[in-house]
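The values are calculated or read from the model by the stated rules, or taken from the named source; none is laboratory data. Since the structure is predicted, the reported quantities are computational estimates derived from the model, not experimental observations. Here Cβ is always computed from backbone atoms with ideal geometry, including for glycine, and neighbour counts include all displayed protein chains.
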Amino acid sequence: MDSIETHAKQLGQQTPLPASPEVAQLDRVPNPHADTDYLARFTAPEFTSLCPVTGQPDFATLVIDYVPDRWLVESKSLKLYLGAFRNHGAFHEDCTVGIGRRLVELLEPRWLRIGGYWYPRGGIPIDVFWQTGEPLKSVWLPDQGVAPYRGRG
């Protein structure tokens, strides 16, 4: 099995927030249970990016569910990668699907889905969902736990 040090270059040291998602380094570590189907979930309740038109901040809760194969995403590198969107201008759909695709490219998971639950922009909440295919029947897939936007009604 590959060593953690080979693949987790940011773990255990002070690492500055990357300037952009394009330069952010995502690290992976070997999955010690690659022979088992299970779901791993990351929730980022304070995700922020910028509107590419106005430059105003956009806020979302991201929920990333995946069934790992050989690799796990190293959580510190994921936190820094997601933080790099803070000064990145992109539409909600681009952020959500782009994050999912980058994780799939890195991890080659058995399955992955991402839900982007965005706060209203211009009075309209935009939720974005993407997944790699049908969920595995052998894995318990809980609801993502984020209520649809209701406003004050």
Worksheet, complete the sentence: The condition from (1) in contact (Cβ under 8 Å) with a residue 40 or more places away in the chain; (2) more than 24 Å from PRO57 (Cβ to Cβ); (3) buried (at least 17 other Cβ atoms within 10 Å of the Cβ); (4) touching a Leu at 6+ places or on another chain (Cβ under 8 Å) that LEU103 misses is numbered (2)
Item to complete: Give just the number: which of (1) out of contact with any His (no Cβ under 9 Å at 6 or more places or on another chain); (2) over 22 Å from GLY151 (Cα atoms); (3) of a type outside the set (Gly, Ala, Ser); (4) buried (at least 21 other Cβ atoms within 10 Å of the Cβ) does TYR117 not satisfy?
Response: (2)
Response to the item:
Selection from segment 9-48 of residues farther than 15 Å from ARG110 by Cβ and among the hydroxyl-bearing types (Ser, Thr, Tyr) yields THR15, SER20, THR43, THR48
Worksheet, complete the sentence: Note on segment 120-140: residues modelled with pLDDT under 95, among the hydrophobic types (A, V, I, L, M, F, W, C) and surrounded by fewer than 17 Cβ atoms within 10 Å (Cβ to Cβ) are ILE124
Discussion item. When you check ALA40 against the structure, is it closer than 30 Å to TYR149 by Cβ, modelled with pLDDT of 95 or more and in contact with a Ser or Thr (Cβ under 9 Å, 6 or more places away or on another chain), yes or no?
Written reply: no
Discussion item. Residue under question is ALA24, and the condition is that it be in a loop (DSSP other than H, G, I, E, B) and crowded, with 18+ Cβ neighbours inside 10 Å; does it hold?
Written reply: yes
Discussion item. I'd like to check which strands (runs of 3 or more DSSP E) are fully inside segment 48-153 and have at least 3 residues that are of a type outside the set (Phe, Trp, Tyr).
Written reply: 57-67, 111-118, 127-131
Worksheet item: Which condition does VAL146 not pass, out of (1) within 17 Å of the chain's Cα centre (by Cα); (2) under 25 Å from SER20 (Cβ atoms); (3) at pLDDT below 95, if it passes all the others?
Response: (2)
Discussion item. Can you tell me which condition HIS88 does not meet? The list is (1) touching an Asp or Glu at 6+ places or on another chain (Cβ under 7 Å); (2) surrounded by 17 or more Cβ atoms within 10 Å (Cβ to Cβ), and all the others hold.
Written reply: (1)
Worksheet entry | Near pairs, Cβ below 7 angstrom, 6+ apart or cross-chain, from segment 71-100 (closer than 22 Å to ILE124 by Cα) to any residue that is buried (at least 16 other Cβ atoms within 10 Å of the Cβ) and modelled with pLDDT under 95 | HIS92/ILE126
Worksheet item: Looking at (1) of a type in the set (Val, Ile, Thr); (2) farther than 17 Å from PRO21 by Cα; (3) touching a helix residue (DSSP H, G or I) at 6+ places or on another chain (Cβ under 8 Å), which is the only condition ILE99 fails?
Response: (2)
